Amino acid sequence: MSNISNSSIVIESDISEKAKVFNHAEIKKSKILEGASIGDYAMIVESTINRYASINRRNYIFKSTLGEFTYTGLNTMIISTNIGKYCSLSWNISIGGGNHDYKNVTSYPHWRFNTMMKGIVNHNDNKFIKKRLMKIGTTEIGNDVWIGTGAIIFRGVKIGHGAIIGAGAVVTKDVEPYAIITGVPGREIKRRFSDEQIKRLLKIEWWYWPNSLIEEHSEIIFTNQVNDDVLSKMEAISKQLLIGTE
């Protein structure tokens, strides 16, 4: 297909004719939807990349889902993570990595020992890894989340809608909606908006509006600061949207 580079490898995957796969990418047992793009040397395994999402060069995405219009930077790794819509991920980010158990006799992982002993080279199809992933769960990232350069987000963490993870932060616990997290370990330094404004934004849920409606009102969403007037306009739009679906 013309939308897939001849140098890329595609195995048991469903790729939209309106998606784009660039040079030397590997896509295995995954779904790439309309308008999505996969950068050079990216590897996508057992994952879903939703409409208009963009995976940058040299990303590794394993057992994860990326929402519409979410994009990643260079050299980012995402494992067992569900990411919402309109998320902005910078470069050199690690999400969903597991910990070593330092309380055992050795901190060396049992699955790695089994892999080496059995001569398993393809880690993507390694049953020992998959068993471990099922045990330790997934990471959940809401909509409209911004994650800065070099951030590390631990497995099993839940990050609320609208949160910001600062560059270099190490996130080890759940993050509230619209919180700003910085440091090692990551700590909340403040909220982006007042409690009342956050409550209203979470009720509006603009990220679930139809794309055509977001485009129509893009001036409100993308270029205006949050204030009572802006929120009232967005609430009116949401109200009309609900009326139209009744």
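Brief remarks on what is shown
- Cα-projected label distance for residue 7 with residue 194, points at 7 Å along beta-carbon direction, nm: 5.5 nm
- Rg and Dmax of the range 142-230, both derived from C-alpha coordinates alone, stand at 14.1, 40 Å.
- Whole-Hz couplings from phi, Karplus 6.51/-1.76/1.60, listed for the range 233-239; x for Gly and Pro: 4, 5, 5, 5, 5, 4, 5
- Each residue of the range 145-154 is assigned a 3J(HN,Hα), and the resulting list reads 9, 10, 10, x, 3, x, 5, 10, 10, 6 Hz, derived from the Karplus form 6.51 cos²θ - 1.76 cosθ + 1.60 (θ = phi - 60°), x at Gly and Pro.
- Rel. contact order, % - alpha carbon contacts under 8 angstrom, at least six apart, the chain: 9 percent
- Checking the cross-link pairs 31/190; 31/199; 85/190; 28/85 against a 30 Å limit on the alpha carbon distance flags 31/190; 31/199 as lying beyond it.
- The H on the amide N of residue 175, modeled in the peptide plane, is under 5 Å from the matching H of 158, 159, 160, each at least 5 residues off or on a different chain.
- Note on semi-axes √(5λ) of the Cα gyration tensor in Å: of the candidates (1) 33, 21, 16; (2) 34, 24, 14; (3) 24, 20, 20, the value calculated from this structure sits at (2).
- Accessible solvent surface per residue of the chain, calculated while the other protein chains remain in place, 1.4 angstrom probe, Å²: 55 Å²
- Counting DSSP beta bridges with both ends in the chain, the antiparallel % (nearest 5): 10 percent
- A simple charge model with +1 on the Cβ of Lys and Arg, -1 on the Cβ of Asp and Glu and nothing else charged puts the dipole of the chain at about 1260 debye relative to its Cα centre.
- Axis of helix 195-204 versus longest Cα principal axis of the chain: the two differ by about 80°, to the nearest ten degrees.
- Computed over protein heavy atoms with a 1.4 angstrom probe, the accessible surface ordering of 192, 187, largest first, is 187, 192.
- Close amide H pairs (under 5 Å, H built 1.01 Å from N) link residue 139 with 81, 82, 156, residues at least 5 positions away or on another chain.
- FRET efficiency estimate (nearest 0.05) - Cβ-Cβ, residue 14 to residue 230, R0 41 angstrom: 0.55
- Couplings 3J(HN,Hα) of the range 208-225, computed from phi: 9, 5, x, 4, 5, 6, 5, 5, 4, 10, 4, 4, 5, 6, 9, 10, 10, 6 Hz, in residue order, whole Hz [Karplus 6.51 cos²θ - 1.76 cosθ + 1.60, θ = phi - 60°; x for Gly and Pro].
- Amide hydrogen proximity for residue 27: with H placed 1.01 Å from N in the peptide plane, the residues at 5 or more positions away or on another chain lying under 5 Å are 9, 10, 11, 44.
- Of all accessible heavy-atom area on the chain, the percent that carbon and sulfur account for (1.4 Å): 53 percent
- Net +/- balance of residues flanking residue 85 in space, Cβ distance below 12 Å, scoring K and R +1, D and E -1: -2
- Dividing the mean sequence gap of close Cα pairs (under 8 Å, 6+ apart) by how many residues the range 155-246 holds gives a relative contact order of 17 percent.
The values are calculated or read from the model by the stated rules, or taken from the named source; none is laboratory data. Computed from a predicted structure; not experimentally measured. When we count neighbours, we look across all protein chains shown, and the Cβ atoms used for this are built from the backbone with ideal geometry, even at glycine. Just so you know, the surface numbers come from the protein's heavy atoms only, side chains and all, with ligands and any DNA or RNA stripped out. Shrake-Rupley method; radii C 1.70, N 1.55, O 1.52, S 1.80 Å.
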